[in-house]
Each structure stands twice: as C-alpha cells, then as structure tokens.
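Before any comments, here is the structure.
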Amino acid sequence: MEQEKRNRAHVTRLELDQRQSAVLDGQAHNARTLWNLLHEFFTFRQGRFASLAQCDEAIRAARKEIDWLNDLPAQAAQAVLKTYRQAWANYFNPDHPAERPTFKSRFRSRMAVDVPQARDLNITRINRRWGAVTIPKLGRVRFRWTKDLPGVTKGSRDGKITGARLVKEAGGWHIVFRIQTEQPVPAPHPGPHTAIDRGIAVPLALSTGEKIFHRNQWLTGGEQERLLRLERKAARQKRAATPGQPASNRLKTTYDQIARLRATAKRRAIDWQHQTTAKLTDRFSVIVLEDLKVTNMMASASGTLEQPGRNVAQKRGLNRAIAVQAWGRTAEFLTYKATDKGGKVVYIPAPGTSQECHACHTIIEGSRESQSRFVCKNPACGWIGNADVNAARTQLYRYNSAAGRAVTGRGGPAPLGPLKRQAPHGGTPHAAPQGVAALRP
C-alpha cells in the first residue's frame, strides 16, 4: 500500500521552576536579538543581500565577541538563520502571502527557542501524566503527557520526532514536538458534498439546512466578571503610573492575569473548532467554502485626517466579532483534516453568494431583508428562509455547476442558461457573477 509522510505538531505544557523559566526567557531574548542582528547584516549592503555563508560566518563571529549570545545554544542560533532565510523565501514567493521580514520588537514578538535536533531531546515517560525531555543548557524538564509520541510509547513506531520548539504562552512555556509519520494514502471519501457559510450570528451554516452554534462567551460568568475587574484595575494602575516610566511590577502582574484569562478563552475556542471540523470531515467528502479575504474584511474604517471614516465604532465592533470567529483557522482545520480522510476543501469566489437565491438563481435587490432572513423577490420563486443557509446552498450550486454536475443547492435539476440578475422594479436583468473559472482547489 502506498504511503505518504505527514508532518504534525503536538503542543504540551512544560513544568518549570522560576530559575528554568528565567533561563528560557534569556534564550528567547537572545534569539530575537540574533534575528535583529542578522536582519541588519543581511540588508545593510546597498543593492546586495548577504549570502548564506556570510550570514553563518557573521553569527560565529558575533558569538565569539558577545558573551551573552553564547547563552543561546549553537543549534538554536543556526535555526534562527534558517528561519530568517525561509522568511525571505516566502516573501519572494508570489504564491505565499508573506510580508517583508523586519526587526522584531521586544514586547510584541513571540518568545521562542528552537531545538532542531531530535536526538538531543531524550524523551522518556515518567508515569501516566508526566514525561521528561532534555533541553540544551537547561537539563531535564518535565512536561505534561497528553498524547502518545512515536518512538517513545510502546507500539507507536510508525513515525518519529524530528525536533521541537519552545514557545512562551500566557500560561507559561510550552514545547511543540514536530512529529513525522508515514500513513497509507487515504481512499477517496465516500460521503456527500456540502457547503458551509461562515458567519457571526450563525458560526457555521450548512447547505443541508443545519446550523452549528457554540457558546456565546468562551469564559464562564465568574471568569468574565474577573476579567472585567482586572481590566478596570489595569486602567487605574496605568493612570496612576508616571508618564514615560516603565510599567510597574503590579501592572505587569495584572496584565499577565488578563492574558491568562484570554488564553483560556482561546484554547476553548480552538478545541471547539477541532471537534467540529473533525465531525464535518468525517461526514462529507467535499466541503465548499467562500474564498474570503479576511484580512481585507477586517481593515480599519478610521480613514485619514483629510477623509475620516464613517461608522468607525460599528466597523470596529464588526472586526472584533470576525476575529472571535476565526474564519481562517476554521478553514485551515477543515483543509488538513479533509485531506487526511480522503476528502477535499474547495474554495469559490465570494461575491454575490449572499444576495443570490439558491432556488431560482437570481439576484434581486432587497431579497436579503436582514442578517438572518432571505426572501426572494422573484415572483416566480418567493423562497423564504435563513440567509446563511441560502448562501451555503448557493455556494454548493456554483461548485456543482463548475464541476459539471448541474444541480441546484437542494439537489434538483439546474435551470438552463446563465444565472440572471433581476432589477427590483422590472428593469433589465443582468447575468449574475459566476466566477467558476476562479475556483481554487
């Protein structure tokens, strides 16, 4: 049976004391500083970038001249160079949406240290709940055992650990194991097709008519009250601080408590997304999504001094609601889970899907009466229902039409000829946007 390699990550919490945490903090700051030194050396030459050999030589010279750079393990320093070069490769790749590499800020960058060599980890299992790993220049450290690891757990030999990355989150330091396994190429998924409309009031609306919801708030009532108290406390402490001076230790402690609560909410949201997308990819062989440009949708409406924006507060609230739903992460989870199970996720152009009626395939102004209600104004149709479900069925119809399966969103025969856009008061109809040539698998 044909095999394929799969690269996955497993994140788990490290059990560190205060000294060990301080050591990793220092290594992470050294890695960030090394990145900034590399960026300055790499871009300082006018009209020419430094070569890989020149960068490597500069790192070795810097580690000899700057004593505290030696606190960062040599392999971690080489990993910084590899990551930096990959950032430039992504920037010059037209198919990769990466921005130009720049300097890393002390307070805004993510603290992380690489352990690229798996043989240095020496992973062992202590008991049912804990394992131990060797971290360079730190020694043996315990981590929370939540998943069997290939090459460590008995019976799990169909893979290997290729390295790790230490990442600092709001709740402390975590270790991310890089796991590579060989799995049989999955057989084609036998399930039906569906389309999913991602929204705010209805997080996920399926073309089958199902609507999937989650809890309105990821924090409990008591946690929300505590978060509000901490935010007000931080505001008072910030007002009492001397302007221009660094934040006090008490204010930093308050900020850390706020970050831990928000991290708890994010973990619960990600857990819901994992469970929901796993169930959907188990059921369906093809999942159709809109090709949403989420970054553009969340652009600020504040405008400029010459041309200030309108409804800025409302747009800011909409941006927050979109960020909470994490549409991009949902699509990412669906994509790799469907691929592992023999299915696929297909993207279609987004324009017009929420205004088009899935039953008669016409676009008439005013058919979408509200955020949740769709009433087709075509006298020959008059379909009434949920607007998100209608959008999902329209997406499925467009995918089926492009793939040669001319059926409607409800599975019936499709009308002949192009879709028509009708004017609201008997004007000249126009062809509705198909966009099938822009389908992106």
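Before moving on, here are some points about what is shown:
- Legend: Rg and Dmax of segment 3-184, from Cα coordinates, 17.9, 57 Å.
- Proxy reagent accessibility, fewest Cβ within 10 Å first, across V375, V80: V375, V80
- Loop-resident sites, segment 48-122, for chymotrypsin sites (Phe, Trp or Tyr not before Pro), counting at most 15 other Cβ within 10 Å (DSSP): F49, F103, F107
- Relative contact order for segment 11-128, counting Cα pairs under 8 Å that sit 6 or more residues apart, in percent: 33
- The angle separating the long axis of helix 74-92 from the principal Cα axis of greatest extent in the chain is about 30 degrees.
- FRET efficiency for F213 and Q314, using Cβ-Cβ distance with R0 set to 25 Å, rounded to 0.05: 0.60
- Signed unit charges on C-beta, dipole axis of segment 193-345, positive-most listed residue L227, A326, Q237: Q237
- The local environment of D282, defined by Cβ-Cβ distances under 15 Å, has a net charge of +3 under the rule Lys, Arg +1 and Asp, Glu -1.
- Helix 312-325 axis, angle to the chain major axis (alpha carbon atoms, nearest 10°): 80
- Cleavage-rule hits, trypsin sites (Lys or Arg not before Pro), segment 173-237, DSSP coil, Cβ neighbours within 10 Å at most 13: R215
- A DSSP coil position with no more than 16 other Cβ atoms inside 10 Å describes the following GluC sites (Glu not before Pro) in segment 266-352: E306.
- Taken over the alpha carbons of segment 67-109 as equal point scatterers, the Debye sum produces base-10 log I(q)/I(0) values at 0.14 Å⁻¹ of -0.45.
- Size of charge dipole - the chain - debye, nearest 20, with Cβ of Lys, Arg +1 and Asp, Glu -1, no other charges: 1280
- Among I287, A259, G343 - extreme Cα towards positive end, dipole of segment 193-345, charges at beta-carbon: A259
- Here segment 242-353 is assigned +1 on the Cβ of each Lys and Arg and -1 on the Cβ of each Asp and Glu. Its dipole about the Cα centre then comes out at about 420 debye.
- Considering only G163, S207, T146, and ranking their Cα positions along the charge dipole of the chain that arises from unit charges at the beta-carbon of Lys, Arg, Asp and Glu, the one farthest toward the positive end is T146.
- Modelled this way, with points 7 Å down the Cα-to-C-beta line, the labels at R283 and K238 are 4.3 nm from one another.
- Taking every DSSP bridge with both residues inside the chain, close to 80 percent are antiparallel.
- 18 Å cut-off, amide nitrogen to a point 7 angstrom out along A321 Cα→Cβ, residues in segment 265-302: 293-302
- Averaging 1/r over each pair of different alpha-carbon atoms in the chain and inverting the result gives 26.0 Å, the Kirkwood hydrodynamic radius.
- Put a dot 7 Å past the Cα of N70, heading toward its Cβ, do the same for L292, and the two dots end up 5.3 nm apart.
- Gain on full stretching of the segment that runs from F107 to T124 - 0.36 nm per residue minus C-alpha separation: 2.7 nm
- For the chain, C55 have no disulfide-compatible partner, since no other Cys C-beta lies under 4.7 Å from theirs.
- Between the helical axis of 18-44 and the longest alpha-carbon principal axis of the chain there is an angle of about 70 degrees.
Computed from the coordinates by the stated procedures, all read-outs in this text should not be read as laboratory data. Given the structure is predicted, the values throughout are model-derived calculations rather than measurements. Cβ coordinates were reconstructed from backbone atoms using ideal geometry, including for glycine residues, and neighbour counts include every protein chain displayed.
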